[in-house]
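Below is one structure; the comments refer to it alone.
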Amino acid sequence: MKYGNPDPDPVEAMKRNVRSFLPEVIGDLKELIVVPSVAFPGYPAEPVRRMAAATADLLRRSGLPDAGLLEIPGGYPAVTGDIAAPPGAPTVLMYAHYDVQPARNEDGWETDPWTPVIRDGRLYGRGAADNKSGIATIAGTIRALSGSFPVGIRVIIEGEEETAGHLGTFAETHPELFRCDLFIITDMGKMVAGKPVLSTTLRGEVSCVVTIKTLAHAVHSGVFGGPAPDALVALIRMLATLHDEHGDVAIAGLHSFPWSGTGFSEDMYRRLSGLIDGVDTIGSGSISSRLWSKPSVTVIGIDAPAVRDASNILIPLARARISLRIAPGADPQHELGILTDHLRAHAPWNVQVELSEFHASPGFICPTGGHGYEMARNVMEAVYRRPVQEIGGGGSIPLMNVLKRVVPEAEFILWGCEDNERSRIHGANESVDLGELERMIVTQALLLQELGKQVIPSR
C-alpha cells in the first residue's frame, strides 16, 4: 500500500482512531509512573510486583485477555500475553520493561519523580520514557486494532532490564515462549522527537569493581604521610590511565570500527548532551563513532571519604566501579579480560589490587535486510512524513543477543518514544514527548496491519 495517496488515507484514519483514546493512554501512563518499580537489589519488592500486576491489568483492559504474570526463577515476573495468528499470518513479539532506575528529589528533580506532571507537551516522571512509554504504546497498539488482529501478537514485558536480570537465562531454556517472525523492541527512541529513526546497533557493557589496599588501618597523615602510599591517591593514578591525553580510551586491544551510518554532528551532540560551553569533547574520530562503534570507559562510582567527613589521615582502602561500553560485535568476556589486565598492569607502587563484581553483556547488531524491516521503515516514513535514518545506540539491552540466538530466523525492529534531546533517561527530570506516544502507536498498529497482508519469509 502507498500511504498518503489512497482515499481515505490509512495513516490519517489511524491517527484519528488513536487520538480518540489517547487521553486514556496518557492517563494509564501516569498511573504506571506513580509506582516506584526499582528492581535493584536492596529496594523493596512490593512496588515492583505491584507494577507487574498493573501492567498485566492494563494489557487486559486494552484487548489482550490472557495477559498475566510469568514467574522468572531468581527474579521478578515478566508480564506476558498471546493472541493467536490468523492462518498463514506471521507472529510479532512486542517487548518493553516495567522496571526503572532509582530516583530521588535531591538528584536534581524539579518535581517529585513519582508524581507525573505534564508541561509543554511532555509528561515528566521516572519511567515516563524508559520504558513505561513502551508499555503504553504496546497497550495502545493492541487497542488501536479494535479486536481485529491481522497477525499473531506476543507480549513480553520484562521486570529486570535495568539490573542483573534473569529473563535471558529463562529464554535460553524456554525458547518456545519467544518464537516469532519479528521482534518489536520498544525500548529505544530518536535523537530529536518527531524525527524518525531505526536503531541498528547497540553497544555492550562490561564492568568490575577495583579495590586498592595500602595500609592495615588509617593513620595520621602528618605523622606517617610521605613514604606510605594513600589508597585513594593510588586509585586515582590507576583510573587516570584509562584515557590518553586526547581523551581516547587507552586500554589497548579493544574492538572498534568506524561508524558508516547516519552522522551525529558535534553541534547537536553538545546541545543534546548538555555539555557546558567551553568544555571540550574528548577522543578522536566522528561523534557517531565515539558514541556507537568505539568503546568508552567511565568511573561510575567511588567509595572514599566524603568531603564533609574528611580528616587528616592516610586512606587505607579505596574502591571504584568501572563501566566499559564495548563496540557492537565485541566479545564481552574478551573485552572484560583486557580491562582487568590493564588495571592490574597499571597499579602503582605494588599496592594490593582486588577485582570483583564482574559483569559482561554483549552489544547487538540488528539484521536489516528483511521484509519486516523494510515494512517498518516504509510505515514509519508514512506516519512521520519524512525519511527514516539509521542510528546506533550507545546503551545496552543484554536480552537482544539471547533472543537472536534462540529465535535465529526472526527479524528485529528497535524503536520507541525516547528522545536524546529532552527525555533524560536515567537522569533527573525524565520525560516523554506526548506526540511520540501518538506517533508510535499509529506506526505500530499500521505495521501490524501491513505485516498481516504478507507472511515474512523464513530465512
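The values are calculated or read from the model by the stated rules, or taken from the named source; none is laboratory data. These numbers come from a predicted model, not from an experiment. Because the Cβ atoms are built from the backbone with ideal geometry, glycine has one as well, and the counts that use them run over all protein chains shown. Ligands, DNA and RNA are stripped out before the accessible areas are found, and what is left, the full protein with its side chains, is counted by its heavy atoms. Shrake-Rupley method; radii C 1.70, N 1.55, O 1.52, S 1.80 Å.
Is it true that some residue in the stretch 219-227 is touching a residue at least 12 places away in the same chain (Cβ under 8 Å) and on the phi > 0 side of the Ramachandran plot? Don't jump to the end; show me each part of the working.
Step one: list which residues in the stretch 219-227 are touching a residue at least 12 places away in the same chain (Cβ under 8 Å), which gives 219-222, 224-225.
With the extra rule that they be on the phi > 0 side of the Ramachandran plot, the set shrinks to none.
Checking the stretch 219-227: not a single residue is touching a residue at least 12 places away in the same chain (Cβ under 8 Å) and on the phi > 0 side of the Ramachandran plot.
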Out of ARG308, ARG237, ARG319, sole residue that is touching a helix residue (DSSP H, G or I) at 6+ places or on another chain (Cβ under 6 Å), open to solvent by 40 Å² or more (accessible area, probe 1.4 Å), basic (Lys, Arg) and under 30 Å from VAL223 (Cβ atoms):
ARG237
If we scan the stretch 333-351, do we find a residue that is closer than 18 Å to LEU242 by Cα, of a type in the set (Asp, Glu) and either over 23 Å from the mean Cα position of the chain (by Cα) or open to solvent by 70 Å² or more (accessible area, probe 1.4 Å) (or both)?
yes
Counted residues in the stretch 171-218 being out of contact with any helix residue (DSSP H, G or I) (no Cβ under 8 Å at 6 or more places or on another chain), among the hydrophobic types (A, V, I, L, M, F, W, C) and more than 30 Å from ARG290 (Cα to Cα) come to 3
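Please tell me if GLU421 is closer than 18 Å to PRO10 by Cα, in contact (Cβ under 8 Å) with a residue 40 or more places away in the chain and of a type in the set (Asp, Glu). Write out each step before concluding.
On the way: closer than 18 Å to PRO10 by Cα: no; in contact (Cβ under 8 Å) with a residue 40 or more places away in the chain: yes; of a type in the set (Asp, Glu): yes.
No, not satisfied.
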Hey, can you tell me all the residues within the stretch 404-437 that are open to solvent by 20 Å² or more (accessible area, probe 1.4 Å), in a loop (DSSP other than H, G, I, E, B) and on the phi < 0 side of the Ramachandran plot?
PRO408, GLU409, ASN420, GLU421, ARG422, ILE425, GLY427, ALA428
Tell me which residues, restricted to the stretch 32-53, are of a type in the set (Gly, Ala, Ser) and either open to solvent by 70 Å² or more (accessible area, probe 1.4 Å) or free of Cβ contacts under 8 Å to residues at least 24 places away in the same chain (or both).
GLY42, ALA53
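Can you find, within the stretch 420-453, the residue that is nearest to SER148 (Cα to Cα) among those that are of a type in the set (S, T, N, Q) and modelled with pLDDT of 95 or more?
GLN449
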For the stretch 86-105, what are the residues that are open to solvent by 40 Å² or more (accessible area, probe 1.4 Å) and more than 17 Å from TYR43 (Cβ to Cβ)?
PRO86, PRO87, GLY88
For the stretch 139-170, what are the residues that are surrounded by fewer than 21 Cβ atoms within 10 Å (Cβ to Cβ) and touching a helix residue (DSSP H, G or I) at 6+ places or on another chain (Cβ under 7 Å)?
PRO150, GLY168
Condition (residue is more than 20 Å from the chain's Cα centre (by Cα), crowded, with 16+ Cβ neighbours inside 10 Å and farther than 24 Å from GLN449 by Cβ) applied to the stretch 11-31: is it met by at least one residue?
yes
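Check the stretch 440-451 and report whether any residue there is under 15 Å from the mean Cα position of the chain (by Cα) and either closer than 25 Å to ASP9 by Cβ or open to solvent by less than 10 Å² (accessible area, probe 1.4 Å) (or both).
We begin by selecting, within the stretch 440-451, every residue under 15 Å from the mean Cα position of the chain (by Cα); these are none.
Checking the stretch 440-451: not a single residue is under 15 Å from the mean Cα position of the chain (by Cα) and either closer than 25 Å to ASP9 by Cβ or open to solvent by less than 10 Å² (accessible area, probe 1.4 Å) (or both).
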Just the residues that are more than 20 Å from the chain's Cα centre (by Cα), under 21 Å from SER431 (Cα atoms) and among the small types (Gly, Ala, Ser), please, taken from the stretch 32-80.
ALA54
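It is to be established whether one or more residues within the stretch 376-394 are of a type in the set (Phe, Trp, Tyr), over 25 Å from ALA96 (Cβ atoms) and touching a residue at least 12 places away in the same chain (Cβ under 8 Å). Step through it out loud before you land on a result.
The first filter runs over the stretch 376-394 and keeps only residues of a type in the set (Phe, Trp, Tyr), leaving 384.
Checking which are over 25 Å from ALA96 (Cβ atoms) leaves us with none.
No, the conditions are met nowhere in the stretch 376-394.
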Determine whether ILE276 is part of a loop (DSSP other than H, G, I, E, B), touching a His at 6+ places or on another chain (Cβ under 7 Å) and either surrounded by 14 or more Cβ atoms within 10 Å (Cβ to Cβ) or not polar (S, T, N, Q) (or both).
no
Residue pairs, Cβ under 7 Å, 6 or more apart or interchain, first in the stretch 275-301 and farther than 23 Å from ASP331 by Cα, second surrounded by 18 or more Cβ atoms within 10 Å (Cβ to Cβ) and aliphatic (A, V, I, L, M). List them.
GLY301/ALA320
